[in-house]
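Let me begin by presenting the structure, written as C-alpha cells, before commenting on it.
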Amino acid sequence: MIKSVTVAEVALPEVVVVGHFQNEDLSATLPKRAAWADAALAAAKRGEATGEAGKIAEAFPVGEGQPQRVIVLGLGKRDKFKPEGLRSSFAAVVRRLGTTKQTQVLLALSPALDFAEASLEQAGRACGEAAGLLAWDNTVFKGKATDKKERPALTLWGDKKGLVKGLQHGAALATSVNYARSLSETPPNIATPAYISELAKKLAKECGLEFSVLRGKELEKEKLVGHINVGKASENEAHFIRLKYTPEKTGKKKDKPAVLIGKTVTYDTGGLSLKVNNGMVGMKRDKDGGCAVLGAMHAIATLIKPDRPVVALLCSAENSISDEAYRPDDVLTFRNGVTVEITNTDAEGRLVLADGYCWACDKEDPAYIVELSTLTGGVVTALGSTYCGMFCDDDKLRARIEEASGVSGERVWRMPMHQEYRDMMKSPIADILNSNPNRKAHAGQGAAFLSYFVKEGVPWCHLDIAGVHVAENDGGAFVKGPNGWGVRILADLLAQE
C-alpha cells in the first residue's frame, strides 16, 4: 500500500483524479481549460470506465506541464451517491498508487460532485480516511525472513477548500484509528495490562490529558473486584486506567463529562472455563474496546477538541489459569453492593466492565456513558460483521450515536433491552449470574448484566463490537486484520458537543 499520507498543495501533480458518475457524460463535468482534460476523456472511453463505484480507468497525457497519469474514478449512480461512499471508492485509487509509486496527487472531484462546501468536506474526509487507513503498517512484527516492500508516501490536495479541509480531517482521524489498530495487533506477550498503562501514560503526556492507574492494593481499596478476580491468575496484574480530557473553555451546562469505557482484556484463555478447539487464537483482540477508546482519546485531544470534558476508563486484565484463578461457583460482591455468582469464567469481560460502570457512576458524575467491548459471540450470530450491536434505551443518546454512525460509516443496530432479559440473569445463590447457561438472547444477556451496575437516571450505551472489530478480508480502505472500529464513531459523537 502506502507509507504515509500528507495533505499539502502540489504545484505540479503527478496524478490527477477526476470523478465520473455512471451513465453520465464526463465532458460535462470537466474543467474546460484543464491541460489534462483530453486525457481524462480518453480514459473515460476505455472499456473499464463504467462509472461504477470504485472502478478506475487511466490515461497518460503527453506534453510539458502535464501530469504523468490521469485516473477517472467511478462514483456510481448520482441519485445513489453519498459522500461517505468515497471511503471505499477512493481506496481503489490509493491501492493503485501504491503500485505505480507516484506520490503527488490532485483530487479534481468538485466539478463532478457539484456540492456545497459542507458536502465537499465530507467527501474530502472520506478520501483522507481511505488514504490514511491504507497507510497503516501491519508489518511491524515481520522479521528478517520477510522482504518488506517499499511503500510510497502520498501527498494529496483538493481543487476546492471544502475538499482540502475534509482531506486534512480524514487523514488526521485515520492516524487515531491506526493507533488503535497497532495496539490491537500487538501480541499478548508484549501488550500486558502494564504495557497498556504505560502507553496510556505516554499518550496523556503527548496530548495534554490527565492520567492515573489503579492496581494491586489500590484495586482492593476501591473494591474493583472484577479486575481483582479476573486478573489474579495471571502474573500480569490487572490495571484500571483513567484518562481525562479537559477543554480550554467549559460552560456550566457541559461540566459533566462524557465517559467512555473500554474492555481491555489483553488475553482471554477463558480461565478455568477453558476455550477449546483453537478458540484462544485471536484472543489478543479481546482488548479492542479499550484500543478504540484510546484511539478516540487521541482524536478527541488532537483533532475534535470538544467543549465537554471526556473521561476514558480502560478495564484491563489478563484472564489466565493458575491455582489462584477464580472459579465457577464463586460469589463476588461488587463496589455497588450487587453480588454475582460465577457460572462461567469465560464471561469475564462483563466483570471488569462492571467495575468501570460502578466507578463512572460513583466518581465521575457522567453526562452519559458509552462503553465498547468484544463481549459476546451472540451478537456475531445475530448481526454478523455488518453491524455493531447497540444497547441503549435513552432516546437522546441513542439518536446522537446513530447520527455519529451515519457520519463515520461505523454501523450500529439497535438491540432490545427488556426486564425479562434482566430477570434471566437472576441467581438462586446471589443477586445475579455472570452467564445464564441456557444461551437464550446471548448478546442481550451481556447488556442485561451490565445494567445492574448503572445508576438510575444515567444515560448509557453498550456497544458490542465482537462482530465488527476485525476486517476479515483485504478490501476497500482496510487490509485484513484489526480495523479500529469505534474510534471514528466516538470522535463523531464528541464532535457534536
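Numerical summary
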| quantity | calculated |
| --- | --- |
| Boolean, Gly47 is under 30 Å from the mean Cα position of the chain (by Cα) and not basic (Lys, Arg) | no |
| Near pairs, Cβ below 9 angstrom, 6+ apart or cross-chain, from region 223-241 (without any contact (Cβ under 8 Å) to a residue 40 or more places away in the chain) to any residue that is part of a strand (DSSP E or B) and surrounded by fewer than 24 Cβ atoms within 10 Å (Cβ to Cβ) | Ile228/Leu332 |
| Pairs with Cβ under 6 Å, 6+ apart, first in region 453-473 and more than 15 Å from Leu353 (Cβ to Cβ), second of a type in the set (Phe, Trp, Tyr) and assigned to a loop (DSSP other than H, G, I, E, B) | Val468/Trp485; His469/Trp485 |
| Failed item in (1) farther than 30 Å from Ser88 by Cα; (2) surrounded by fewer than 17 Cβ atoms within 10 Å (Cβ to Cβ); (3) of a type in the set (Phe, Trp, Tyr), with Trp413 passing the rest | (1) |
| Answer from Ala258, Ala296 - the residue that is out of contact with any helix residue (DSSP H, G or I) (no Cβ under 6 Å at 6 or more places or on another chain) and closer than 20 Å to Asp464 by Cβ | Ala258 |
| Residues (under 30 Å from Asp114 (Cβ atoms) and surrounded by 24 or more Cβ atoms within 10 Å (Cβ to Cβ)) located in region 163-184 | Leu163, Gly166, Leu167, Gly170, Ala171, Leu173, Ala174, Val177 |
| Output for region 199-243, where each listed residue is of a type in the set (A, V, I, L, M), surrounded by 22 or more Cβ atoms within 10 Å (Cβ to Cβ) and part of a strand (DSSP E or B) | Ile241, Leu243 |
| Count of residues meeting criterion [hydroxyl-bearing (Ser, Thr, Tyr) and within 17 Å of the chain's Cα centre (by Cα)] in region 358-390 | 5 |
| Residue in region 191-202 that is free of Cβ contacts under 8 Å to residues at least 12 places away in the same chain and among the acidic types (Asp, Glu) present | yes |
| Residue match in region 165-187 (condition: part of a loop (DSSP other than H, G, I, E, B) and modelled with pLDDT of 95 or more) | yes |
| Conditions (1) in contact with a helix residue (DSSP H, G or I) (Cβ under 6 Å, 6 or more places away or on another chain); (2) assigned to a loop (DSSP other than H, G, I, E, B); number of the one not met by Thr386 | (1) |
| Any pair with Cβ under 7 angstrom, 6 or more apart, that starts in region 128-139 at a residue that is more than 18 Å from Val164 (Cβ to Cβ) and ends at one that is in a loop (DSSP other than H, G, I, E, B) and among the small types (Gly, Ala, Ser) | Leu133/Ala477; Leu134/Ala477 |
| Positions within region 407-423 being under 17 Å from the mean Cα position of the chain (by Cα) and free of Cβ contacts under 8 Å to residues at least 60 places away in the same chain, in sequence order | Arg411, Trp413 |
| Matching residues, region 16-69, being under 13 Å from Leu109 (Cβ atoms) and either in contact with a strand residue (DSSP E or B) (Cβ under 6 Å, 6 or more places away or on another chain) or charged (D, E, K, R) (or both) | Val16, Val17, Val18, Gly19, His20, Leu26, Ala40 |
| Filter pass, Ser320 being buried (at least 24 other Cβ atoms within 10 Å of the Cβ) and assigned by TED's automatic domain parsing to the domain that holds Thr264 | no |
| Test: residue in region 126-134 that is farther than 19 Å from Asn178 by Cα and not acidic (Asp, Glu) | no |
| Residue in region 483-496 that is surrounded by fewer than 22 Cβ atoms within 10 Å (Cβ to Cβ) and touching a Gly at 6+ places or on another chain (Cβ under 7 Å) present | no |
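Every residue, every condition in (1) free of Cβ contacts under 8 Å to residues at least 40 places away in the same chain; (2) touching a Ser or Thr at 6+ places or on another chain (Cβ under 7 Å); (3) within 19 Å of Asp355 (Cα to Cα), yes or no:
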{"residue": "Cys207", "(1), (2), (3)": "no, yes, no"}
{"residue": "Val213", "(1), (2), (3)": "yes, yes, yes"}
{"residue": "Glu220", "(1), (2), (3)": "yes, no, yes"}
{"residue": "Tyr245", "(1), (2), (3)": "no, no, no"}
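The values are calculated or read from the model by the stated rules, or taken from the named source; none is laboratory data. Keep in mind that what you see is a predicted model, and the values were worked out from it rather than measured. Quick reminder, even Gly has a Cβ in these numbers, built from the backbone with ideal geometry, and neighbours come from all protein chains shown.
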